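Step one of this worksheet: look at the structure below.
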Amino acid sequence: MAVHVVAVCGSAFHSMNAPSPPVSPSPATSSAEPGRSAALARAWLRAETRRAGRTTRWPILTGLVAVAAGALQAVLAGAVLARALAALAAALHPPPPIRFPLAGAPAAPAIPALGITAYGQAAAGLPPPPPPHTALWVLLGGFLLAMLVRAAANYASERFAFAAGATARRHLRSDAMARLLAAGPAVLAGQHSGALAAIVMDRIELLDGYFARYLPARTLALVGPALILLVALALDPFAALVLALAGALVPFGMALAGIGAKRATERQFAALSRLQVRFLDRMRGLSTIILAGRAEAEAAALQTAAGDLRRRTMRVLRVAFLSASILDLAAAAALVVLAIHYAQVLAPAGAPAKGVAPAAALGVLLLVAEFFAPLRSLASVYQDGIHARSAAAELIALPPAPPEPVARTVRNVAAQGISVAFEHVNLTRDAARGAVLSDLSFRIPAGETLVLVGPSGSGKSTVIETLLGFHRPQSGRVTLNGADLSDVVPAALSRLTAWVGQRPKLFAGTIAENIRFARPEASEQEVTAAARAAHVSDFAEALPAGLGTRIGEGGFGLSGGQAQRIAIARAFLRNAPLLLLDEPTAHLDPASEALVLDSLRRLAVGRTVILASHSAAAYEFSGRRLHLAAGRVAA
Amino acid sequence: MNEVAGPLLRVIGRWRGQSGWLVLGAVVSLAALGSAIGLMLVAGAALTVRRGGAAVPHPIALLALAAGGSLLAAPLLLRALGSGRVVLRYLDRLTSHAATFRALAALRVWFFRGLAANSAGGLGFRHAGDVLARLVGDVEALDGLYVRILLPLIGALVLAPVLAVALGLFSIPLAAIVTALFVLAAFVLPLRAARGTAAAGQSQAEAAAALRIAILDTLSGLPEVRAFGAEGRMLASVQAREAQLLAAQRAQARRVATFGAGALLLGQVAVLAVLTMATRHPSAAIVAAFLVVAAFEAVGGLARAGALAGQASAAARRVLEAAEAPAVVADPPHPAPMPATHTLTFEAVRFRWQPDLPYVFEQLDLSIAPGTRIALLGPSGIGKSSLAALALRLAAPESGRILLGGTDIATLPAAGLHARIAWLSQTTHLFADTIRNNLRLCCPDADDAMLWQALEAARIADAVRALPEGLDTWLGEGGAGFSGGQGRRLALARTLLSPAPILILDEPCAGLDAATERDFLTTLNEVAAGRTVILIAHRLTGVERLDRIWRLSGGVAVAAAA
């Protein structure tokens, strides 16, 4: 598509309303298979564009109405000004002095009702002209009307554009979150949650520009000028020819000036965002820099890096802006050619060959700006297109939603008393690192405790995480009360289990809300009781707002032991028959450990418990002991 | 109004050093604007003059063609203006971008210096990296200030009198109407649009922050979410926050669209006014129509920029507040000379992070002689790290004194203090840079042999040696590419390279497995010989060779077994 080449760097900067630019293309990731990933990104964008077709249709249609209203305004303004011209001529030369003929002027049949041709007929010396049958006020009224329509259409187009962007973002964000939620904790093995959150938050915000601005502008840049061209054709074929040539010059000239520049520009955008990454990185590590006494050196280095980048960027921009100038050149050339042409046509003594009504001439001149306006709009949102491709590449890289468990026969598992069995389970998480569990078999009757002991890396956590549904064994069976785990839908599985891990996640919110996370429908009393049972109340009472104290992001910072007690309170509230404890005291000091173990012992009463531990905690629990080594039961 | 304009003006004030470039950009931009206006003017004039004949050349046509010297020169002048406009517009883009690059770079460096001067102990020390990241976004958000607000405003200031005079030459009423409309479009409407946007910008920023936290919480809590079957709830909460953000953005978009339509209408009303006058002042009207179209187009974006000024202003305010905040603990105006020895003494220190939080230390007395090796033990959350922050004067005690070599550290220069004490904290940052540059942070002239020695001591040399690019391997953001434990060991190697006589190692073995931990602590006994080592931990392994062990409990340090 030719318009793609409108690679104008309208501005290398992000407009103030646009979301912040992508701040992460790391040099390492972007270089891998650039061609293939770029092709994938383009294909993805095409698919999403098709999907968004219905919502992007409205900003385009209303935008087109605005273009049409603008064209109508130009024509009407030309007609009014032509009257002025006629009045002027009449004042200077009472008898019509113009000699150029106008028979068959293309404008004549075009818009006779508006009286635009009246002057031309007079000029051509046809029978005495009837007084213009369109009163001036009609023309002005028409102009007023068109102006209102145009403003309203512009307004509507912007609102529709926002709606299109919002719809797309809503869909993409929900889709990305759903994929990540479905893939589960496994995705965190390869990527930092902060990086994933940046994709879901910032990259999708960045795509707004693509759906709200770039897509409509791209279509309008084709259809808008075409519409204007039709109007120009009706007014004066020569003008239409000039505009068409100038319009064609735009993509053609840009292709010429921009083929090399475009790639360099994109590279430069990447370099620019690398500088932003560097700045961000140095700010994150500010205290490290200060304590090393390197603040001044880093500031100077930052300045040098910015200066270097600016010089290199300006070298690229010097070429890149040439392609922007092509658009200016085309617009100016069209205007100059037409102005000179009409000046000669309208000259008292000149141009006998062809004549154009002054109204048409003036209308055409006013149309020139309208003709190029959609092209300019596209140029100004061009970077939205570039950013969309980089954002798309990152969204594609998110894990695809894994297939739902093939529920052969969804089993109901009795909610009371759970027995667990591993039967010849083999599980490999990373082929390079070998099997994590090999031919593992054991069985726990309902209500009993199994303590998994063994060095780190022996597969203790994997056993627990398999029961939580984080991993799926390659072979063998895991059963709950005899039902195969893969037949139990995730929601049902989670109702059966409560889990206390090594480093519990605290969400932004109050302590009470964090406990309630385990069971949203729990009553106030149940939450308080769980807090007391897990020794949360002990420290919460010293806090400013008790259980209502805000913790997590932007809230009060809790110690590891305190966080662990909140996790245990969750497990109390959950009140599930199967309790999974994964090194719950691994990161605690002895005093916290004692408190936590006390709570855990009370929590364990009457439940099936699997405890993974390599510390003294193991000896606090009576129950069967299973020694693991390298994913098997040690002798 | 001041609440919006004030911070923006102060940011512009920060650009004094770049004023040469900014002025050049403005001059070129005005020239480009002039050529655009001139082109439209002459295009109209050429028609009129030809049409009207030379009998009554009207003032504007004369004005426009004065440069050409002759009415016959119109086509020439047109061509000149046409190509001049293209060239000037090109130069305009170049200079305004060059100016913005300079201004933005200067702002970044100024911001960095400002934060470095005031916030060693505050921001960046306690998991505040994300706060900083948001501030960085705010700095970047100011990039449109010059091109989108300042330049069009300057253009409008020049255009308003030009319009008034040019049109006034033949019709005072028309000049009055059009100029009034222009002032409305270029100044009044943008100002009106900017009013009250501070609150809108604020609520949008809050909605965005809430959504970001909901997403980050959900993703970093994926294990909990899966274990408790909370997928649906978390998705719903993200969607609810997103709906709030979209609502705030929608209100903003409506504002922008409304004011954009307003600006368009004002320009069109001006054209309509010209057209209405067309029969009374025919020749002037034609020229004026072209002039008005070009003039209003030049300021068309200002109303939109005004509607968005609140956001930019809110960003500017946060940036200024952060960079100009007073230092947590200010350097003394006349610092005492650095002491010769480095005994570290805490005398009756009473400390808490905030007035509404419980005390971390109520009565801390502790003396650490040079070259001794001590361990500070205590349960997590008791404030063992606060001790390091106090020693480095990142925080000040409520009462009591901290002495280095017998001199109260409150009287010492911060830089001197930092040079004496190296701290491996829980939040020590690995930079997106090569391993070599990361290691050299503390001592820029260390040679490779020293680097490898430190890497050996930190038990990470083998992993680095296995990398194809060795010391030149690029660490990703936050040290990505290395596991958490390996990252900690790199940070440890960096700390060991520091020439400081006092090392504070805050849980140096976090993220190490038991065997590596013992191995590391054994090595530490050798490499740090002669230096004071303060080992902060929640338990000991038994291999540490220590002179004293202190246990922190109840806000005091209790001597434990030696």
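Tell me, which residues of the stretch B:418-438 get at least 30 Å² less accessible area when the other protein chains come in, versus the chain alone (1.4 Å probe)?
So the qualifying set is B:His418, B:His429, B:Phe431, B:Ala432.
At a 1.4 Å probe, what is the % contribution of carbon and sulfur to the accessible area of the stretch B:316-393?
Details: 1940 of 3380 Å².
Solvent-exposed carbon and sulfur of the stretch B:316-393 make up 57 percent of the total.
Of all accessible surface on the stretch A:480-635 at a 1.4 Å probe, what whole percent is carbon and sulfur? It would help to have the intermediate numbers written out before the result.
Numbers: 3210 of 6040 Å².
Exposed carbon and sulfur together represent 53 percent of the surface.
Between the chain alone and the structure with every protein chain in place, find the residues of the stretch B:248-264 that drop at least 40 Å² of accessible area; heavy atoms, 1.4 Å probe.
With the partner chains in place, the stretch B:248-264 has these residues losing at least 40 Å²: B:Gln249, B:Arg250, B:Arg254, B:Ala257, B:Leu264.
Can you give the FRET efficiency for B:Arg254 and B:Leu157, using 1/(1 + (r/R0)^6), R0 = 41 Å, r = Cβ-Cβ distance, to the nearest 0.05? Provide the component values of the computation, followed by the final result.
On the way: r = 29 Å, r/R0 = 0.71.
Result of the calculation: an efficiency of 0.90.
Given axes a ≥ b ≥ c from the Cα gyration tensor, I'd like to know whether the stretch B:139-194 is rounded (a/c under 1.5), prolate (a/b larger than b/c) or oblate. Don't skip to the end; give the middle numbers.
Values: a/c = 6.42, a/b = 2.37, b/c = 2.72.
Because a/c hits 1.5 or more and a/b fails to exceed b/c, the stretch B:139-194 counts as oblate.
Buried accessible area for the B:A pair, summed, 1.4 Å probe, in Å² rounded to 100? Walk me through the numbers on the way to the answer.
Values: alone 27410 and 31880 Å², together 46650 Å².
Heavy-atom accessible area buried at this interface is about 12600 Å².
For the stretch B:185-274, report the accessible area per residue in Å² (1.4 Å probe, heavy atoms, rounded to an integer).
Values: 3020 Å² over 90 residues.
Each residue of the stretch B:185-274 exposes 34 Å² on average to a 1.4 Å probe.
Taking the solvent-accessible surface of protein heavy atoms with a 1.4 Å probe, what is the per residue accessible area of the stretch A:142-245 in Å²?
On a per-residue basis, 33 Å².
If you add up the charges near A:Gly385, with Lys and Arg at +1 and Asp and Glu at -1, over every other residue whose beta carbon is less than 10 angstrom from its beta carbon, what do you get?
Residues near A:Gly385 contribute +2 overall.
So how far apart, in nm, are the two label points at B:Ala327 and A:Ala43 if each is 7 Å from Cα heading toward Cβ?
Reported label-point gap for B:Ala327 and A:Ala43 is 5.9 nm.
So, in nm, how far is label A:Arg54 from label A:Asn575 when the simple model puts each one 7 Å beyond its Cα toward the Cβ?
4.5
For an R0 of 41 angstrom, estimate the FRET efficiency from the Cβ-Cβ distance between A:Ser486 and B:Thr541 and round to the nearest 0.05.
Numbers: r = 42 Å, r/R0 = 1.03.
The value I calculate is 0.45.
Evaluate the distance, in nm, between pseudo-label points positioned 7 Å from the Cα of B:Leu9 and of A:Ala594 along their respective Cα→Cβ axes.
6.5
Over the stretch B:319-458, calculate the relative contact order: mean separation of alpha carbon pairs under 8 Å at least 6 apart, over the residue count, as a percent. Mind dumping the intermediate values first?
Numbers: 156 pairs, mean separation 38.1, N = 140.
Answer for the stretch B:319-458 is 27 percent.
Within 15 Å, Cβ to Cβ, of B:Thr341, how many net charges do the neighbouring residues add up to if Lys/Arg are +1 and Asp/Glu are -1? Walk me through the numbers before you get to the answer.
Numbers: positive: B:Arg420, B:Arg531; negative: B:Asp408.
Charge balance in the 15 Å sphere: +1.
Would you please state which residues of the stretch B:393-410 a label at B:His334 would reach in this model, taking the label point 7 Å out along Cα→Cβ and a backbone N cut-off of under 19 Å?
What the label zone holds, given the 19 Å backbone N cut-off, is B:407-410.
Indicate the residues belonging to the stretch A:283-302 that lose 50 Å² or more of solvent-accessible heavy-atom surface (probe 1.4 Å) upon moving from the chain alone to the assembly of all protein chains, ignoring ligands and nucleic acids.
Residues shielded by partner chains are A:Met283, A:Arg284, A:Leu286, A:Ser287, A:Thr288, A:Ile290, A:Leu291, A:Arg294.
Karplus couplings for the stretch A:71-84 from phi (6.51 cos²θ - 1.76 cosθ + 1.60, θ = phi - 60°), rounded to Hz, Gly and Pro as x?
5, 4, 4, 4, 5, 5, 4, x, 5, 5, 5, 5, 4, 4
What accessible surface, in Å², does a 1.4 Å probe find on B:Ile12, ignoring ligands, DNA and RNA and rounding to the nearest 10?
Spelled out: B:Ile12, probe radius 1.4 Å, area about 40 Å².
The values are calculated or read from the model by the stated rules, or taken from the named source; none is laboratory data. Everything numeric here is computed off the predicted structure, so don't read it as measured data. Because the Cβ atoms are built from the backbone with ideal geometry, glycine has one as well, and the counts that use them run over all protein chains shown. To get the accessible areas, we keep the full protein, side chains included, count just its heavy atoms, and leave off ligands, DNA and RNA. Shrake-Rupley method; radii C 1.70, N 1.55, O 1.52, S 1.80 Å.
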